[in-house]
Amino acid sequence: VVRLPNLRIRGIHVVVGAVLTILVYLVVVPLVLLVLSGFKETGFIFDAGFTLRHFIEIYVDTRTYELILNTLLFAAGSTLVSLCLGVMFAWLTERTDLPFKTATRISLILPMAIPGVLLAIGWVLLASPRIGMINRIFVTMFGGEPPVDIFTMPGMIFVQGLSFTPTAYLIVSPSFRRMDPLLEEAAAIFGADLFRTLRHVVIPLLLPSILAAGAMVFLVSLVVFDVPGTLGMPSRILVFSSEIYAAASAPLGVPEFGRIGALSSLFMFFTFTLALFYNYMTRRAGKFTTVTGKGYRPKLIELGRWRMLALSVIIFYLVLSLILPFVTLLWTSLLPFYQPFSWQALQMLSFEGYSATLSVARVQLALTNTFVVVVVTSIVVAILSTVISWLIVHAHPYARRALDLLSFFPLAIPHLMLGLALIYVYLTLRFLPIYGTVWILVIAFVTTYIAFGTRTTNAAMFQLHQELEEAARVSGASRVRAFREIIIPLIVPAMLNVTIWVAAHSMRELSAALMLRTSQSVVISTLIWEFWAEDSETTGAAVLGVVMILMLLLLTVIGILVFERTSTARSSRPIRNVEPGLRDPLSVDHPSP
């Protein structure tokens, strides 16, 4: 008797189909429309005709290759700076007897609370040749020309490298923490000194993790707009993201939609390739396990007379990346107009700028919109990520692969391009009239951050043994009830981690919000950009910047506490055997930038 396969549609199949449809709508549809726009003369996909003109113009234009060179140089330089600092700080905090370790670990994460645009604005106020506080003080004391110009490629690399150092640190530090110290001790027994041990033992073991961190930072440096837009555009140093923004803004004419589509296609080819490489390296990093089943207490390397020097280097980094920019923004927010420190300026300090700025109706609308977007986006991402992760564990292998791939793809989508793609969607498909409202921002941010959400909830879900659900099913509970009463309570710490991380990044997100802004959908990040780049309202930009940084610092501290609780909860759970290739080290040990 030939038995036919069971084709009965079960509830889980319906849920898988619904979630796949949502992911296709969020991720695939906007990108397809954006790519197709490059093949239309006008850039609108429903217009008649088909052309390769935009692609040909891009490939024969020498400016395109200048853009590629600038973008690669900026990304490579930023990656080198952040990776060198991040790896060094991870080694110091995890493998040495550095003093004040707990405070140092927390402090190294705090610079993530300063968005790239505010870090760049802070350094403009510090190191601009014309108004920079450092340059003004130097010229006053020594005369001559200003020694520092932040509006250069090295200036852009410096600021972006400072911004991404916490990301590199968070990615690499768990690998240092887990590494078996017996390997270092064996090298020492055979006469290897500290630097030889680092070169021949530590670095080779951690190379996959370091490469994964480098790939992540390089990928984000390719697509970021905040620093290139703030520091590069005034001096005409353009990268791909700022070129696309310039083509889309078109203050004196119609946006070049066709050129934007062609440029975006070329750009996304690089980012998707790099994202696949990053995914490969993170999976490979998981194979280099040096934690054995034996208990051990890591023997810390004694720094001796270098302890205070190492601590001083970390403090100097915190001064450059956190303290100086924040103090400069705070100083500027208390003045009616920007001026360097002086006794005369000290007498002009007041909170009038705060009362004047925060009483403006547009600012109040931006604060309200930001609150709505942050709350809704963080909750939706946490819930959707949890459902996707549960399906990845329980669904058919083909379905779980599709879910994993579609939820990972947004990591490689530049936020500027996602904003543009959503413009195409909601100007072309008018069945959902949300263009110009805060809800299109919610869709953009949910799409952007679903990759981080699923990586985190995947880790939590994989660490729950399937016997927990099986016991509930044997007792008569349905899948839904087992999910609600068994799974959800156990992964609440991970869901809180996702919620706080997404809330913080939704508040600081600029690129996609800038593309989608209208008079009614303005948020704090876009208003800061308008005040600074378009209206020259330096005090207003500084006021909103200080308010945002304080809120982000609060969220960052809460996130650190939740992350510690999540880590503690993970260590006490039975681990599920999972299909090889689905576990991603990104989700286990660190957040994305």
- Query: Quick one: which of Val363, Val372, Val319 is closer than 30 Å to Val202 by Cα and at pLDDT 90 or above?
  - Reply: Val319
- Complete set of residues in the stretch 314-359 that are within 27 Å of Phe89 (Cα to Cα) and out of contact with any helix residue (DSSP H, G or I) (no Cβ under 8 Å at 6 or more places or on another chain): Ile315, Phe316, Val319, Ile323, Val327
- Task: Could you list all residues from the stretch 89-105 that are under 17 Å from Met308 (Cβ atoms) and among the hydroxyl-bearing types (Ser, Thr, Tyr)?
- Result: Thr93, Thr96, Thr104
- With Leu510, Leu527 as the choices, which residue is at pLDDT 75 or above and within 20 Å of Ile443 (Cβ to Cβ)? Leu510
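Here's the yes/no breakdown for (1) aromatic (Phe, Trp, Tyr); (2) surrounded by fewer than 17 Cβ atoms within 10 Å (Cβ to Cβ); (3) under 19 Å from Arg177 (Cα atoms); (4) out of contact with any helix residue (DSSP H, G or I) (no Cβ under 7 Å at 6 or more places or on another chain):
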{"residue": "His54", "(1), (2), (3), (4)": "no, no, no, no"}
{"residue": "Thr62", "(1), (2), (3), (4)": "no, yes, no, yes"}
{"residue": "Ala75", "(1), (2), (3), (4)": "no, no, no, no"}
{"residue": "Gly86", "(1), (2), (3), (4)": "no, no, yes, no"}
{"residue": "Ala90", "(1), (2), (3), (4)": "no, no, yes, no"}
{"residue": "Pro99", "(1), (2), (3), (4)": "no, yes, yes, no"}
{"residue": "Thr102", "(1), (2), (3), (4)": "no, yes, yes, yes"}
- Item | Residues that are assigned to a helix (DSSP H, G or I) and of a type outside the set (A, V, I, L, M, F, W, C), drawn from the stretch 483-519 | Arg484, Glu485, Pro489, Pro493, Asn497, Thr499, His505, Ser506, Arg508, Ser511
- Message: Testing Gly581 on (1) in a loop (DSSP other than H, G, I, E, B); (2) at pLDDT 55 or above, one condition comes back false. Which one is that?
- Response: (2)
- Query: in the same structural domain as Ile244 (by TED's automatic domain parsing), at pLDDT below 85, outside any helix (DSSP H, G or I) and not polar (S, T, N, Q): does that describe Glu145?
  - Reply: yes
- Message: Residue under question is Ile528, and the condition is that it be assigned to a helix (DSSP H, G or I) and more than 20 Å from Thr377 (Cα to Cα); does it hold?
- Response: yes
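So that you can scan it fast, the table gives a plain yes or no per residue for (1) out of contact with any strand residue (DSSP E or B) (no Cβ under 9 Å at 6 or more places or on another chain); (2) in a helix (DSSP H, G or I); (3) of a type in the set (Gly, Ala, Ser):
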| site | (1), (2), (3) |
| --- | --- |
| Leu318 | yes, yes, no |
| Ser321 | yes, yes, yes |
| Pro325 | yes, yes, no |
| Leu330 | yes, yes, no |
| Pro336 | yes, no, no |
| Gln339 | yes, no, no |
| Ala345 | yes, yes, yes |
| Gly353 | yes, yes, yes |
| Ala356 | yes, yes, yes |
- Residues being within 30 Å of Ser241 (Cα to Cα) and touching a Ser or Thr at 6+ places or on another chain (Cβ under 7 Å) - total across the stretch 382-410: 4
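What residue, of Arg130, Arg95, Arg105, is in contact with a strand residue (DSSP E or B) (Cβ under 7 Å, 6 or more places away or on another chain), over 23 Å from Val224 (Cα atoms) and not acidic (Asp, Glu)? Reasoning before the result, please.
Numbers: Arg130 fails: in contact with a strand residue (DSSP E or B) (Cβ under 7 Å, 6 or more places away or on another chain); Arg105 fails: in contact with a strand residue (DSSP E or B) (Cβ under 7 Å, 6 or more places away or on another chain).
Among Arg130, Arg95, Arg105, only Arg95 is in contact with a strand residue (DSSP E or B) (Cβ under 7 Å, 6 or more places away or on another chain), over 23 Å from Val224 (Cα atoms) and not acidic (Asp, Glu).
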- Identify, from the list Gly214, Gly229, the residue that is at pLDDT 80 or above, out of contact with any Phe, Trp or Tyr (no Cβ under 7 Å at 6 or more places or on another chain) and in a helix (DSSP H, G or I). Gly214
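When you scan the stretch 309-349, how many residues do you find that are of a type outside the set (A, V, I, L, M), under 32 Å from the mean Cα position of the chain (by Cα) and farther than 18 Å from Ala120 by Cβ?
Here is the first cut: in the stretch 309-349, the ones of a type outside the set (A, V, I, L, M) are 312, 316-317, 321, 325-326, 328, 331-333, 336-344, 347.
When the remaining residues are screened for being under 32 Å from the mean Cα position of the chain (by Cα), the result is 312, 316-317, 321, 325-326, 328, 331-333, 338.
With the extra rule that they be farther than 18 Å from Ala120 by Cβ, the set shrinks to 312, 316.
Here the count works out to 2.
Hey, any hits in the stretch 110-127 for a residue that's on the phi > 0 side of the Ramachandran plot and in contact (Cβ under 8 Å) with a residue 40 or more places away in the chain? Full working, then the answer.
Residues of the stretch 110-127 that are on the phi > 0 side of the Ramachandran plot, as a first pass: none.
No, every residue in the stretch 110-127 fails to be on the phi > 0 side of the Ramachandran plot and in contact (Cβ under 8 Å) with a residue 40 or more places away in the chain.
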- What pairs can you find where one residue is in the stretch 441-453 and closer than 21 Å to Ala366 by Cα, the other is among the charged types (D, E, K, R) and surrounded by 24 or more Cβ atoms within 10 Å (Cβ to Cβ), and their Cβ atoms are less than 8 Å apart, with a gap of 6+ or different chains? Phe445/Glu509; Thr448/Glu509
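Test Thr140 against the stated conditions and say whether it is outside any loop (DSSP other than H, G, I, E, B) and surrounded by 18 or more Cβ atoms within 10 Å (Cβ to Cβ).
Details: outside any loop (DSSP other than H, G, I, E, B): yes; surrounded by 18 or more Cβ atoms within 10 Å (Cβ to Cβ): no.
Considered against the rule, which asks whether it is outside any loop (DSSP other than H, G, I, E, B) and surrounded by 18 or more Cβ atoms within 10 Å (Cβ to Cβ), Thr140 comes out as no.
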- Message: Which of the numbered conditions does Ile413 fail, given that it passes all the others? Conditions: (1) touching a Leu at 6+ places or on another chain (Cβ under 9 Å); (2) more than 22 Å from Tyr278 (Cβ to Cβ).
- Response: (2)
- Message: Checking the conditions here, which among Tyr398, Tyr424, Tyr435 is out of contact with any strand residue (DSSP E or B) (no Cβ under 7 Å at 6 or more places or on another chain), modelled with pLDDT under 90 and not in a helix (DSSP H, G or I)?
- Response: Tyr435
- Task: Quick one: count up the residues across the stretch 95-137 that are under 30 Å from Phe195 (Cβ atoms), among the hydrophobic types (A, V, I, L, M, F, W, C) and assigned to a loop (DSSP other than H, G, I, E, B).
- Result: 2
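The values are calculated or read from the model by the stated rules, or taken from the named source; none is laboratory data. Since the model is a prediction, treat every value here as computed from it, not as a measurement. Quick reminder, even Gly has a Cβ in these numbers, built from the backbone with ideal geometry, and neighbours come from all protein chains shown.
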